[in-house]
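What follows is a single structure, written as structure tokens, with notes after it.
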């Protein structure tokens with residue numbers, strides 16, 4: 001039984017890690033004015049943040065076309081028994097919709113299940129990892145889809161920003177509107193709930209915002225896997241990851257990943273975040 | 001510095017209308033009815049009015065802090081003003097009215113204690129058409145006991161000590177044979193002696209070289225009452241202050257917990273509940289509760305008692321309370337961070353039930369008002385140093401707040417008692433997060449999240465408030481030497497967490513020295529809230545100077561618009 005797992009670039013799964021899990025990533029698009037790039041394919045995170053912080057034009061993002069998905073489904077369908085395609089929250093992006101449309105167009109004859117993760121970034125990435133592991137162990141397409149759907153309620157993603165400017169200008173402020181308009185300089189923190197951005201809290205110093213992220217991560221214990229994300233501060237992320245090592249089962253370590261260009265359009269530079277997946281409850 | 005307050009006394013409608021008739025009896029009487037009771041406190045009010053600024057000047061810190069004289073005056077004025085329509089009523093009716101008004105109008109810590117004095121009168125005079133020495137002695141004991149009961153950490157050398165002395169003096173007399181004027185003579189002498197002794201009991205008073213302001217306030221009230229009964233002395237002269245006893249003794253440590261209504265130890269469970277029943281005995285409940293935990297505050301009446309206590313295990317407190325009466329408004333807040341995380345994780349398991357809670361806060365200054373508004377406060381009560389809001393002001397704001405769950409941020413040590421009183425009296429579920437400064441209150445506000453339930457919010461807000469250090473720059477209202485720092489009248493002084501740490505004439509030097517004392521580390525954030533007397537340009541210049549002195553420290557300048565304090569500084 002060969003089941004292929006597909007996701008999109010907002011999962012922020014590191015490319016080599018995705019490859020090792022045999023996960024196919026469909027890129028979204030990021031544009032500076034008329035210049036358009038494929039997320040993490042034709043523009044690297046380094047180039048992106050450089051342009052974001054020094055350029056005069058703010059980036060915009062767009063979903064992959066149904067054709068982008070058709071191409072992938074056609075190719076994978078040639079030798080797969082099924083495809084599970086898991087994407088970012090349908091409340092904030094049309095990506096899920098593109099994938100659903102592609103289902104009806106593709107030449108692939110195997111069953112294709114499209115899953116709305118109700119998540120972003122490594123909140124989505126963690127669900128994809130769980131599904132890909134099941135697929136690699138020979139699970140059926142229904143089994144893999146069920147595992148992905150069950151993982152939605154176990155997955156968490158939260159982040160702390162240097163500024164809300166990018167999220168607000170990008171129109172993705174969601175339910176965290178209360179964070180806008182403070183007269184004090186804040187480091188706003190958000191958490192994804194029910195597919196939308198909610199307020200997690202406000203702090204005013206990096207030390208406190210990091211403490212808040214760690215504390216939030218610990219509040220979700222027991223944790224099965226965890227990834228620390230950053231937009232421009234790798235060393236700080238690595239330090240947080242080391243501090244949270246004890247939260248994970250022995251023999252496993254937190255991942256460190258980067259908010260890619262599309263997610264970075266909303267987080268801006270200096271953002272830190274955590275995606276994690278909690279252990280399944282043993283009771284019922 | 002007190003000019004504004006004093007002007008308002010003289011222009012108040014009350015003084016304008018009643019000032020014409022000085023309250024005195026034509027001859028000493030041995031029993032007084034309701035009118036006599038009113039006369040006593042009208043006389044006390046007149047005498048107090050002349051002594052407000054002298055009492056204010058006794059405040060231990062040389063800053064416009066809390067204004068004991070003002071608070072007691074405003075409380076007393078409301079009591080007299082609102083009881084006056086009861087002319088011709090029994091002493092029981094008038095004393096009951098006075099106690100009700102005092103409870104609602106109490107301003108500041110000293111006002112809340114004064115309200116207990118009036119409650120004592122209402123209890124002692126219950127059922128009386130008129131009263132004499134026996135009933136008065138009983139009232140003074142009741143009031144004294146209630147005041148000790150209401151305060152979590154009774155501190156001697158304060159108004160409480162004076163209340164004890166007065167109650168003991170009255171009850172030691174030959175009752176019921178004593179004459180009323182003899183009793184008032186005796187308790188006034190006793191009060192003056194007790195006030196003179198306060199520096200021997202409270203090291204901070206000795207260090208500051210003053211007698212206790214609240215104690216002196218009560219002494220003035222009793223003296224006013226005495227002059228009414230005596231009928232011979234004028235009621236509109238300033239009173240000589242008692243000579244402080246033993247002022248040359250060695251200095252102790254400044255007590256930060258001075259008359260704090262609640263102690264904020266951060267461990268275990270903060271347990272609060274309301275017991276309702278018949279013939280409840282707050283004193284015995286307090287004894288029970290105190291034996292089970294720390295920071296016990298038990299206040300109330302025969303029918304309703306509010307319990308607040310910090311315990312390792314809330315179980316025994318709940319069991320004991322259920323055995324006493326009907327228990328409601330139970331609030332158990334976990335103050336141990338590990339447990340907070342644990343319960344947060346547990347709550348995450350359940351379907352999130354959004355609990356709408358609202359914040360009511362006390363600030364003054366247009367900048368501060370804008371800041372707290374931008375952080376999602378529902379209601380603002382105007383107030384702060386030199387202007388403590390009344391329990392009624394707070395209650396009304398709580399009532400207006402668009403939620404049944406209200407969190408109250410007093411932002412001032414002297415407003416905490418009134419806030420606790422408002423929390424107790426409100427029909428809503430009100431929790432006081434005991435912020436002692438505006439920066440602490442803003443810190444707490446940052447941790448407020450309308451998506452979370454009240455208990456989680458309160459725990460996070462208390463922790464956040466605690467993580468903020470507050471600095472203040474103001475001017476000394478008189479010469480003083482504290483902590484080895486000699487301060488000239490009118491000089492700038494820097495206070496860190498209410499402790500005097502710097503003085504001088506140059507504002508940037510005083511600020512810089514204050515921040516040095518705070519032990520800043522890289523990554524810290526200093527917010528300079530500038531007052532109404534400072535321009536934005538001067539504030540920015542000060543920030544630039546400080547930025548050069550403290551590398552790696554971020555300095556932000558925000559308009560506070562506060563009075564009396566050129567700068568209020570938040571350090572985190």
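The values are calculated or read from the model by the stated rules, or taken from the named source; none is laboratory data. From a predicted model like this one, the values you see are computed outputs, not experimental measurements. Here the Cβ is made from the backbone with ideal geometry for all residues, glycine too, and neighbour counts use every protein chain on show.
One table, with the values for the structure above:
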item	result
Exclusive hit being at pLDDT 90 or above and either more than 14 Å from every other protein chain (Cβ to nearest Cβ) or surrounded by fewer than 24 Cβ atoms within 10 Å (Cβ to Cβ) (or both), set B:386, B:437	B:437
Count of region A:242-251 residues which are in contact with a helix residue (DSSP H, G or I) (Cβ under 9 Å, 6 or more places away or on another chain) and modelled with pLDDT under 95	0
Filter pass, residue A:190 being outside any strand (DSSP E or B) and under 20 Å from the mean Cα position of the chain (by Cα)	no
Selection status of residue B:453, away from chain A (no Cβ under 13 Å) and surrounded by fewer than 21 Cβ atoms within 10 Å (Cβ to Cβ)	yes
Residue B:468 being at negative phi and within 14 Å of chain A (Cβ to nearest Cβ)	yes
Residue B:110 vs. criteria within 27 Å of residue B:474 (Cβ to Cβ), in a helix (DSSP H, G or I), outside the structural domain of residue B:124 (by TED's automatic domain parsing) and at pLDDT below 90	no
Among the candidates B:510, B:526, residue that is under 30 Å from the mean Cα position of the chain (by Cα), surrounded by 13 or more Cβ atoms within 10 Å (Cβ to Cβ), within 14 Å of chain A (Cβ to nearest Cβ) and within 28 Å of residue B:366 (Cβ to Cβ)	B:526
Checklist (1) modelled with pLDDT of 65 or more; (2) under 27 Å from residue B:389 (Cβ atoms) applied to residue B:289, failing item	(2)
Selection within region B:518-529 - closer than 24 Å to residue B:499 by Cβ and free of Cβ contacts under 8 Å to residues at least 40 places away in the same chain	B:519, B:521
Selection status of residue B:381, more than 14 Å from chain A (Cβ to nearest Cβ) and without any contact (Cβ under 8 Å) to a residue 24 or more places away in the chain	yes
Every residue from region A:21-60 that is surrounded by fewer than 22 Cβ atoms within 10 Å (Cβ to Cβ) and in a loop (DSSP other than H, G, I, E, B)	A:21, A:22, A:27, A:33, A:34, A:41, A:42, A:44, A:55, A:56, A:57, A:58
Members of region A:133-181 that are within 14 Å of chain B (Cβ to nearest Cβ), without any contact (Cβ under 8 Å) to a residue 12 or more places away in the chain and not in a helix (DSSP H, G or I)	A:153, A:181
Residue B:347 being part of a helix (DSSP H, G or I), farther than 19 Å from residue B:459 by Cα and modelled with pLDDT under 80	no
Any hit, region A:248-259, residues being surrounded by fewer than 24 Cβ atoms within 10 Å (Cβ to Cβ), closer than 18 Å to residue A:14 by Cα and within 14 Å of chain B (Cβ to nearest Cβ)	no
Residues within region A:201-241 that are assigned to a loop (DSSP other than H, G, I, E, B) and either out of contact with any helix residue (DSSP H, G or I) (no Cβ under 6 Å at 6 or more places or on another chain) or surrounded by fewer than 23 Cβ atoms within 10 Å (Cβ to Cβ) (or both), tallied	7
From A:91, A:130, A:107, residue being touching a residue at least 40 places away in the same chain (Cβ under 8 Å) and farther than 26 Å from residue A:223 by Cα	A:91
Positions within region B:544-560 being more than 24 Å from residue B:447 (Cβ to Cβ) and either within 13 Å of chain A (Cβ to nearest Cβ) or in contact (Cβ under 8 Å) with a residue 40 or more places away in the chain (or both), in sequence order	B:552
Boolean, residue B:376 is assigned to a helix (DSSP H, G or I) and either touching a helix residue (DSSP H, G or I) at 6+ places or on another chain (Cβ under 7 Å) or within 14 Å of chain A (Cβ to nearest Cβ) (or both)	no
Qualifying residue in region B:76-97 (condition: modelled with pLDDT under 90, surrounded by 22 or more Cβ atoms within 10 Å (Cβ to Cβ) and in contact with a helix residue (DSSP H, G or I) (Cβ under 7 Å, 6 or more places away or on another chain))	no
Of all residues making up region B:166-208, the number that are within 21 Å of residue B:221 (Cα to Cα) and in contact with a strand residue (DSSP E or B) (Cβ under 8 Å, 6 or more places away or on another chain)	1
Test: residue A:90 is touching a strand residue (DSSP E or B) at 6+ places or on another chain (Cβ under 6 Å) and assigned to a loop (DSSP other than H, G, I, E, B)	yes
Of the criteria (1) in contact (Cβ under 8 Å) with a residue 60 or more places away in the chain; (2) closer than 16 Å to residue B:564 by Cα, which one residue B:499 fails	(2)
Filter result (at the interface with chain B (Cβ under 10 Å from one of its Cβ atoms) and within 16 Å of residue A:122 (Cα to Cα)) within region A:206-216	A:216
Counted residues, region B:390-427 - those being assigned to a loop (DSSP other than H, G, I, E, B), under 18 Å from residue B:363 (Cα atoms) and modelled with pLDDT of 90 or more	3
